[in-house]
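Beneath this line is the structure, given in structure tokens, with notes to follow.
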Amino acid sequence: MKFFVDTANLEQIQEAVDLGIIDGVTTNPSLMAKEGIKGEAAIRAHYKTIAEMVEGDVSAEVISTEFKDIVKEGEELAAIAPNIVVKVPMIKDGVKALSHFSKNDIKTNCTLVFSSGQALLAAKAGATYVSPFIGRIDDISWDGMDLIEDIVDMYANYGFITEVLAASIRSPLHITKCALMGADVVTSPLSAFLGLLNHPLTDKGLAKFLADAKKSRS
Ligand code: G3P
């Protein structure tokens, strides 16, 4: 399973990289806006900085919605660095662009996916990754994990090579459940990855070990 950190914040990316568990990064226009980056040149420079911080794939999302504009913007984003993956929304012109990019060796991440039907379209269009948004489905009282299970099963039935990139992660439990279901990648805020560390019995056990070690050394 690949771990991508879902942020445009350079400090968080560096902390995640320093942990030695991160395989890539995903961003989106909201995460970029959160960093206060202004202007196209600054935005693209930020993508370049992120791409130089990790060896793995870095998703940079287009904001165009018409086919020709998506292609133009996507080609510009892909040219920023070899590990830039073009993130494209699940819309009709997006599917057409995914198919174009697939035929032209540009890696893509199909985003804003909320149904197995949409995931099927992404795979048929040759997307490198598909990003089903678990947390936003949970937020409306449906079960986002059901979607992950359906997509993994559907892709296995036909040998689709599109990787299931579980997104909109809200907790460590999402991460472990995605692993149990066979998602290829999870993209998550650093906090959820760090949440995997926590168990009260680990804390209790270490405290006991250290106390006993101190006794042996007094
Ligand atoms: O970046 C894509 C996805 O992970 C965003 O998730 O937290 O905005 O629902 P979120």
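The values are calculated or read from the model by the stated rules, or taken from the named source; none is laboratory data. Bear in mind that the values here come from a model prediction, so they are computed numbers and not experimental data. Heads up, the Cβs are rebuilt from the backbone with ideal geometry, glycines too, and the neighbour counts pull from every protein chain shown. The area values use the complete protein model at the heavy-atom level, side chains included, leaving out ligands, DNA and RNA. Shrake-Rupley method; radii C 1.70, N 1.55, O 1.52, S 1.80 Å.
So, with +1 on the Cβ of K and R and -1 on the Cβ of D and E, and no other charges, what is the size of the charge dipole of the range 2-217 about its Cα centre, to the nearest 20 debye?
460
Per residue of the range 12-19, in order, report the coupling 6.51 cos²θ - 1.76 cosθ + 1.60 (Karplus, θ = phi - 60°) as ³J(HN,Hα) in whole Hz, putting x for Gly and Pro.
5, 4, 4, 4, 5, 4, 5, 5
Could you compute the net charge surrounding Phe160? Neighbours are other residues with a C-beta less than 14 Å from the C-beta of Phe160; K and R count +1, D and E count -1.
Local net charge: -3.
Below 8 Å between Cα atoms, with a sequence gap of 6+, how large is the relative contact order for the range 2-217 in percent?
Result for the range 2-217 is 16 percent.
In degrees from 0 to 90, rounded to the nearest 10, what is the angle of the helix 67-78 Cα long axis to the longest principal axis of the chain?
Value to nearest ten degrees: 40.
Using only the Cα atoms, work out Rg/Rh for the chain, with Rh taken as the Kirkwood radius, to two decimals.
Looking at the chain, the ratio lands at 1.06.
Percent antiparallel among DSSP beta bridges with both residues in the range 2-217, to the nearest 5?
Here the antiparallel bridges make up roughly 0 percent for the range 2-217.
If you rank Asp146, Asp203, Asp105 by how much accessible surface each has, with a 1.4 Å probe, what is the order from largest down?
Asp105, Asp203, Asp146
Check which residues have an amide H placed less than 5 Å from Thr108's amide H, if you skip close sequence neighbours.
Long-range HN contacts for Thr108: Val86, Thr128, Tyr129.
I'd like to compare 133-143, 33-43: which one has the highest average count of other Cβ atoms within 10 Å, and what's the full order after that?
Packing order, densest peptide first, comes out as 133-143, 33-43.
Quick check: pseudo-label points 7 Å beyond the Cα along Cα→Cβ at Glu52 and Lys124, how many nm apart are they?
Calculated label separation equals 4.2 nm.
Output the 0 to 90 degree angle, nearest 10, between the alpha-carbon long axis of helix 92-103 and the longest principal axis computed from the alpha carbons of the chain.
80
Based on the mean of other Cβ atoms within 10 Å per residue, sort peptides 157-170, 84-97 so the most packed one is first.
The most tightly packed comes first, giving 84-97, 157-170.
Using a 1.4 Å probe on the protein heavy atoms only, what accessible surface does Ser30 show? Give it in Å² to the nearest 10.
Rounded to the nearest 10, the figure is 90 Å².
Protein chains only, probe 1.4 Å: how do Thr128, Thr27 rank by accessible area, largest first?
Ranked list, largest accessible area first: Thr128, Thr27.
Name the residues of the range 92-125 whose amide N is less than 17 Å from a point 7 angstrom out from the Cα of Asp143 along the C-beta direction?
115-116
Modelled label-to-label distance, Ala79 and Ala179, 7 Å Cα→beta-carbon offset: nm?
The answer from the label model is 4.1 nm.
Which net charge results for the neighbourhood of Asn83, defined as the other residues with beta-carbon distances under 10 angstrom from its beta-carbon, given Lys and Arg at +1 and Asp and Glu at -1?
For residues surrounding Asn83, the net value is -2.
Can you find, among Leu194, Ile80, Cys178, the residue farthest towards the positive end of the dipole of the range 2-217? Put +1 on the C-beta of Lys and Arg, -1 on that of Asp and Glu.
Leu194
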